[in-house]
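The values are calculated or read from the model by the stated rules, or taken from the named source; none is laboratory data. None of the values given here were measured: they were computed from a predicted structure. Here the Cβ is made from the backbone with ideal geometry for all residues, glycine too, and neighbour counts use every protein chain on show. In case anyone asks, the SASA skips ligands and DNA or RNA and just uses the protein heavy atoms, side chains included. Shrake-Rupley method; radii C 1.70, N 1.55, O 1.52, S 1.80 Å.
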Amino acid sequence: MNGAVSETIAGEGSLLLASLCFGAALMMLYDIVRIFRNIVKHGTILMAVEDILYWLLCAVGIFAMLYQENDGLLRWFVLGGVAVGMLLENSLVSPFVIRIFVRVIRAWLKIIQKMLRFFGRPLKKLCLFFRKELKKIRKAIKIGLKRI
């Protein structure tokens, strides 16, 4: 015995590591949903629909991972790895990521809103001017067509 790890154990170890990473990735996807919820307030029904779609996507993703990595065999340590990966990402990374991204996006939205207000007034006046001029041109064309 030379101390080498058997191929089966190494494969299961890599599967566990993949499931941990997959769980963290699924939680990062949910972080995007939570960031969206913090920025755009919406009701309970829409939140329920978002959650249902998220969990359906998770189920399909986990099934695809199990099918590809483990020939479709259900291994409980894989589901445990996904759960632990989700818990670790949720407790260690999520609070900071969500807080930072919400602040950054809200700051960008405020800047965009100020720019729209600043440029919006002159653009609105310009649009009104062009609308009046186009009405005059249209009226002149109608008069010209009636003469023909």
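Looking only at segment 63-107, count how many residues are open to solvent by 50 Å² or more (accessible area, probe 1.4 Å), closer than 20 Å to Thr8 by Cα and assigned to a helix (DSSP H, G or I).
6
Can Ala48 be described as in a helix (DSSP H, G or I) and under 30 Å from Lys110 (Cα atoms)?
So Ala48 fits the description; yes.
Inside segment 90-119, can you point out the residues that are basic (Lys, Arg) and modelled with pLDDT under 85?
Arg117
Tell me yes or no: at least one residue of segment 120-142 is at pLDDT 85 or above and in contact with a Ser or Thr (Cβ under 9 Å, 6 or more places away or on another chain).
There is no residue in segment 120-142 that is at pLDDT 85 or above and in contact with a Ser or Thr (Cβ under 9 Å, 6 or more places away or on another chain).
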